[in-house]
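Step one of this worksheet: look at the structure below.
The values are calculated or read from the model by the stated rules, or taken from the named source; none is laboratory data. Remember, predicted model here, so these are calculated numbers, not experimental data. Ideal geometry is used to build each Cβ from the backbone, glycine not excepted, and the neighbour counts take in all protein chains shown.
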Amino acid sequence: MMVTGLSGAGKSSILRVLEDLGFESIDNPPLSVLEEVVREGGTMPIAAGVDARTRGFDSEGLLGLLQRLRESAGIAPQLLYVTAEAPVLLRRFSETRRRHPLAPGGSLGSRVADGIAREEALLGGLRDAADLVIDTTDLPLPDLRRLVERRFRVLDGHGMAVSVMSFAYPRGLPREADLVLDVRFLRNPHYDPLLRPHTGHNAAVAAYIKADAEFGPFWQRMTALLDPLLPRYAAEGKKYLTVALGCTGGKHRSVLLAELLSAHLTAQGWRVDLSHRELDAAGRHAAAANAPSTGQDAPTGAQAPSTYPGREAPPCTA
């Protein structure tokens, strides 16, 4: 596994998570040394950080190394690209007062901004060539860790890892989604006072949604689309696929459809990771609210944490 991308986007954080998952982590080895290490093999999978700090780095050289390794028997390297929006990277460098590795002279803000632009140009087509792109713009470190753990814990064999997730449209599209399905046209249990407090895991909620005349035809069309599509993605060498289903609150309709789709794909032999973005975030906030008190009073006027995952912790930094 080769981890590359923009400085400040979270590469070092990802390498630490991969190391916890059993990878041998190597940060910024020269490409010639990295090739020797990979070819020597070992008992542990290798996760190598490769970026603008690497001696003799250039994107074409890294792509060439990947191609040579892929042509070798028994070696299946993958490329993970980590990115974030420029204003977020600028804020992270400003907060930590760290120097960008490609920053020229001048004021701190202009140096970092120029460094980000230079690095984006230097990395060239690596993002397009990556097996997986992780955008950490709105992803705090705990959520980044969970994302990496979900992705790579299921990779205990060969083939494509499929992630199915539910989400709420008002809180934004999941940045990692490859396919997005909008299920807001189905009848909404939110407007039934008896069903509103429950989630898509509830039998009564599920029955209410399935009673919609459009549910059956939609399910048939959705599975008819995905069933032949996933094998084609896998045949093309895609290692990761995320299917996201969204509704208004991320609590009822999308949760039910994500559960059903996960079970459907699992029955077909796919290795599936299932998550519910809004329910998971709500659960973490509830756990934090119920945590034992430290004995210190909250500041007057303190606000409850946002339910948006990108606001519940400081952003990760590389």
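Okay, here's what the table says:
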| quantity | calculated |
| --- | --- |
| Breaking point among (1) at pLDDT 90 or above; (2) over 22 Å from Ile134 (Cα atoms), for Met2 | (2) |
| Every pair of residues 6+ apart whose Cβ atoms lie under 6 Å, when the first sits in the range 169-183 and is assigned by TED's automatic domain parsing to the domain that holds His276 and among the basic types (Lys, Arg) while the second is assigned to a loop (DSSP other than H, G, I, E, B) and surrounded by 17 or more Cβ atoms within 10 Å (Cβ to Cβ) | none |
| Boolean, Leu122 is closer than 14 Å to Leu34 by Cα, in contact (Cβ under 8 Å) with a residue 40 or more places away in the chain and either in contact with a His (Cβ under 6 Å, 6 or more places away or on another chain) or assigned to a helix (DSSP H, G or I) (or both) | no |
| Condition broken by Ile116, with the remaining ones in (1) in a helix (DSSP H, G or I); (2) in contact (Cβ under 8 Å) with a residue 60 or more places away in the chain; (3) surrounded by fewer than 18 Cβ atoms within 10 Å (Cβ to Cβ) satisfied | (3) |
| Helices (runs of 4 or more DSSP H) lying entirely in the range 1-84 (those with 2 or more residues that are farther than 22 Å from Arg127 by Cβ) | 11-20, 31-40 |
| Residue in the range 80-90 that is in contact with a Gly (Cβ under 6 Å, 6 or more places away or on another chain), more than 23 Å from Lys239 (Cβ to Cβ), in the same structural domain as Val133 (by TED's automatic domain parsing) and polar (S, T, N, Q) present | no |
| Verdict on Glu278 being at pLDDT 85 or above, in contact with a helix residue (DSSP H, G or I) (Cβ under 8 Å, 6 or more places away or on another chain), acidic (Asp, Glu) and not assigned by TED's automatic domain parsing to the domain that holds Tyr81 | yes |
| Residues of the range 231-248 satisfying the condition of being surrounded by 19 or more Cβ atoms within 10 Å (Cβ to Cβ) and modelled with pLDDT of 95 or more | Val243, Ala244, Leu245, Gly246, Cys247 |
